[in-house]
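Read through the structure below, which is laid out as structure tokens, and then see the notes.
What follows is calculated from the coordinates using simple rules that are stated; it is not laboratory data. Remember, it's a predicted structure, so these values are computed and weren't measured experimentally. Glycine gets a Cβ as well: all are built from the backbone with ideal geometry, and neighbour counts include every protein chain shown.
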Amino acid sequence: MNNLKEDEKKRMVVLVNHWIAHNRSHTESYIDKARELAFQGLDNAAKEITEASNFVLKANERFEAARAILDE
């Protein structure tokens with residue numbers, strides 16, 4: 001039974017790593033679009049998208065904390 005638990009932990013680490021990378025990819029896209037909007041004078045929309053991307057980065061901090069626990 002202990003091996004199954006370790007196997008599940010390893011699978012979860014892989015999944016959490018995927019989520020972190022996935023979120024980073026999205027935040028890069030969000031920031032690019034926010035820059036485009038700011039360039040077009042749509043500063044308020046750019047600000048909202050930037051704020052949303054900050055939430056995603058905060059979520060990644062929690063995923064990284066979970067990964068650290070799984071790695072123990």
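Structural descriptor for the chain: relative contact order 43 percent, calculated from alpha carbon pairs under 8 angstrom and at least 6 residues apart.
Rounded to the nearest 500, what is the chain's calculated 222 nm mean residue ellipticity when only DSSP H runs of at least 4 contribute -39500 (n - 2.57) each, over all residues?
Value at 222 nm, helices only, nearest 500: -34000 deg cm²/dmol.
Farthest towards the positive end of the charge dipole of the chain, among the residues 15, 56, 42, is the Cα of 15, using unit charges on the Cβ of Lys, Arg, Asp and Glu. Dipole magnitude for the chain: computed about the Cα centre from +1 point charges on Lys and Arg Cβ and -1 point charges on Asp and Glu Cβ, it is near 140 debye. For residue 38 and residue 61, the FRET efficiency from 1/(1 + (r/R0)^6), where r spans their Cβ atoms and R0 equals 22 Å, is about 0.30.
Please work out whether the chain counts as rounded, prolate or oblate from its C-alpha gyration tensor, where a ≥ b ≥ c are the square roots of the eigenvalues and a/c under 1.5 means rounded, while otherwise a/b larger than b/c means prolate and anything else oblate? Here the chain falls in the prolate category.
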